Amino acid sequence: MHKTTKCRCHKSFLKTVLSRSFADCKDGGGKGLKARLAKKIPIQREKFLGIKCLHGNKSIGQITVNSVMGGMRGLPLLFCETSSLDKNKGIYYRGILLKDACAKLPRVKEGSQEGTPEGCFFLLTTGLMPSKEEAEEVTNEWLKRGTVPRYCLRMVDSMDKRVHPMAQLCAACACLSSQSKFVEAYRKGVRRADYWEYVYEDSMNLCAMLPTVAASIYNNVYHDGEGTREIDPEQDWSGNFCRMLGLPDEDFIDLMRLYMILHADHESGNVSAHTCHLVGSALSDPFLSFSASMCGLAGPLHGLANQEVLVWLTKLREAIGDEPTDEELKNFIDKTLKGGQVVPGYGHAVLRDTDPRFVLQNEFAMKHCKDDPGVKLVTRLWKIIPEVLKKLNKVANPYPNVDAHSGVLLQHYCLKELQYYTVLFGVSRALGVLSQLIWSRALGAPIERPKSFSSSELCKFIQEADKKAGKNKKC
Ligand SMILES: CC(=O)SCCNC(=O)CCNC(=O)[C@H](O)C(C)(C)COP(=O)(O)OP(=O)(O)OC[C@H]1O[C@@H](n2cnc3c(N)ncnc32)[C@H](O)[C@@H]1OP(=O)(O)O
Ligand SMILES: O=C([O-])CC(=O)C(=O)O
């Protein structure tokens, strides 16, 4: 928000601005992703400013003691242009239900049955469904920008194999910060209104480089550094990534395209997106902001849950085999719960039904590998685990989330190394959190800094509120 322009807004002008919808400017301006953004950003900036000037004092929620002590769950607090989560229907990318977005994204590669993550990035950033040519343009941009600087690869190559692949990803992305165009421009005193252009450049470069960085981590940890780092200009982003992982099977590349689209964005309150936004709000560059975001994704209650699911399924299969009875499954789940552990891949902070990202992966599995024992087991557990969790009478959402399915699909296509799975999630999440970061800088979002309370301050607050309400209890 630009303070100097705040007071000069004319109400009638602002009202006109607010009546325009984001999709109104379909022509988008010049060709290419950046030109389209350059055309849209001033319009959205006026709208953002207009909302703040005209309605800034309106209340849209209430803060309770639970909000402060309960992880801010459910508080309507954050701004997010790229996607929005409905607790029952799941995520909408730019107003389009994920399932429909997957269906509509253009199929770019001949023979491919899935859209491309590059097209998804175009959708998330511009708010427009790309044509085939526009999705291809992003692919070509990323092919041009994909070379990773030697010093970064040298650092990755020097990592001990015992360092978790997610810790390696965080380190590699932080080290790329020295490439930042944003840092360079900031040092030269670039105008605040132009920050977004440099954040855009960094974000495009980071997305382009991620497959090589991620595949190098994989090959170093699991294949003694064997494997190519060459980018093939005939392949798209996912094709190159799979080739570098040594898994060039066409169906697997299609799975990766789908996977990268499904895991990209989940509005801005989840741990990885919020972290990227928070760190970016201090004007840390996109490489550092993304690195911080990945530190959050690496937690077992968030992205690492997909690794935990496979660990849990492996233990289950070792204990009761590939085709256990329902009773045996229920007993195994009970044992997990009695051991004080959560059932990984189940539950969600916001969703209250089966995660559509789980369903979309299951649909892929039914098409390509329905007889795989892991897939069959995950499909059966989808019915059984909720029955058990419901009986606890405390789990807000007993249904599977995105992480409950991905592992068995990766196993089917021979990507067996569980500790690597969250890196794939991270590569995908870059598309969403970096799109959000471009928009945060484009709209001039300020530094994030909520107020905190100590327990005695909270008690004082409660006593005062009780006094006002005529009660007189001690905290
Ligand atoms: C990409 C993603 O991040 S999707 C989420 C991935 N994470 C997982 O799959 C891990 C397993 N799930 C969980 O731990 C939780 O469901 C979370 C972290 C996702 C959400 O947490 P919350 O919003 O606190 O869930 P909720 O309000 O339902 O929690 C209420 C209680 O149910 C428990 N609970 C929630 N989910 C589960 C589960 N899958 N298994 C067992 N218990 C659970 C909580 O631990 C909590 O118990 P407590 O009161 O004794 O502390
Ligand atoms: O929305 C959340 O809190 C977690 C999640 O599913 C995601 O980030 O994909």
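State, as an integer percentage, the relative contact order of the chain based on alpha-carbon contacts under 8 Å between residues 6 or more apart.
On the way: 661 pairs, mean separation 93.3, N = 475.
Reported as a whole number, the value is 20 percent.
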**Asked** Hey, if you put +1 on the Cβ of every Lys and Arg and -1 on every Asp and Glu Cβ in the chain, which of 95, 228, 415 ends up farthest toward the positive end of that dipole?
**Response** 95
**Request:** For the chain, give the magnitude of the charge dipole about the Cα centre (Cβ charges: +1 Lys/Arg, -1 Asp/Glu; no others), in debye to the nearest 20.
**Result:** 3040 debye
**Message:** With +1 assigned to the C-beta of every Lys and Arg and -1 to the C-beta of every Asp and Glu, and no other charges, what is the dipole magnitude of segment 260-402 about the Cα centre in debye, to the nearest 20?
**Reply:** 360 debye
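By the scheme Lys and Arg +1, Asp and Glu -1, what is the net charge of all other residues having a beta-carbon under 13 Å from that of residue 77?
Combined, the nearby Lys, Arg, Asp and Glu give +1.
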**Message:** Quick check on segment 120-258: take the gyration tensor over C-alpha atoms, sort the square-rooted eigenvalues as a ≥ b ≥ c, and tell me if it's rounded (a/c under 1.5), prolate or oblate.
**Reply:** oblate
**Message:** Counting only protein heavy atoms and a 1.4 Å probe, tell me what percentage of segment 194-265's accessible area is made up of carbon and sulfur.
**Reply:** 42 percent
**Item:** Relative contact order of segment 301-450, defined on C-alpha pairs under 8 angstrom at six or more residues apart (%)
**Value:** 35 percent
**Asked** In the structure shown, do any of 367/391; 89/370; 99/394; 109/144; 330/383 have a Cα-Cα gap over 22 Å, and if so which?
**Response** 367/391; 89/370; 99/394
**Request:** Please list 427-435, 295-303 highest first by mean number of surrounding beta-carbon atoms within 10 Å per residue.
**Result:** 427-435, 295-303
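Relative to the present Cα-Cα distance, how much length would full extension add between residue 250 and residue 69 at 0.36 nm per residue of separation?
Numbers: separation 181, 0.36 × 181 = 65.16 nm, distance 4.83 nm.
Extending this stretch completely gives an extra 60.3 nm.
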**Item:** For segment 28-124, size of Cβ-based charge dipole, Lys and Arg +1, Asp and Glu -1, in debye
**Value:** 280 debye
**Request:** Restrict the search to segment 97-132; then list the GluC sites (Glu not before Pro) that DSSP places in a loop and that have at most 12 other Cβ atoms within 10 Å of their Cβ.
**Result:** 110
**Message:** Full-extension gain between residue 187 and residue 147, please, as 0.36 nm times their residue separation minus the C-alpha to C-alpha distance.
**Reply:** 11.9 nm
**Fill in**
The answer for the net charge of residues other than residue 422 whose Cβ lies under 12 angstrom from its Cβ, with Lys and Arg +1 and Asp and Glu -1, is -2
**Message:** Using the Cα centre of segment 234-380 as origin and beta-carbon charges of +1 (Lys, Arg) and -1 (Asp, Glu), tell me which of 268, 361, 340 is placed farthest towards the positive end of the dipole.
**Reply:** 340
**Prompt:** When ligands, DNA and RNA are left out and all protein chains stay put, how many square angstrom of accessible area per residue does the chain have with a 1.4 Å probe?
**Reply:** 47 Å²
**Request:** Express the relative contact order of segment 360-448 as a whole percentage, based on alpha carbon pairs under 8 Å and six or more residues apart in sequence.
**Result:** 25 percent
**Item:** Cα gyration tensor, the chain - rounded (a/c under 1.5), prolate or oblate
**Value:** oblate
**Asked** Using a probe of 1.4 angstrom, how much of the accessible area of segment 274-426 is carbon and sulfur, in percent?
**Response** 55 percent
**Request:** Report residue 332's accessible area, 1.4 Å probe, all protein chains in place, as a number in Å² to the nearest 10.
**Result:** 30 Å²
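The values are calculated or read from the model by the stated rules, or taken from the named source; none is laboratory data. Note that the structure is a prediction, hence the values are computed from the model and not measured. Cβ: placed from backbone, ideal geometry, glycine included. Neighbour counts: every protein chain shown. Side chains are part of the model used for accessible areas, which takes the heavy atoms of the whole protein and leaves out ligands, DNA and RNA. Shrake-Rupley method; radii C 1.70, N 1.55, O 1.52, S 1.80 Å.
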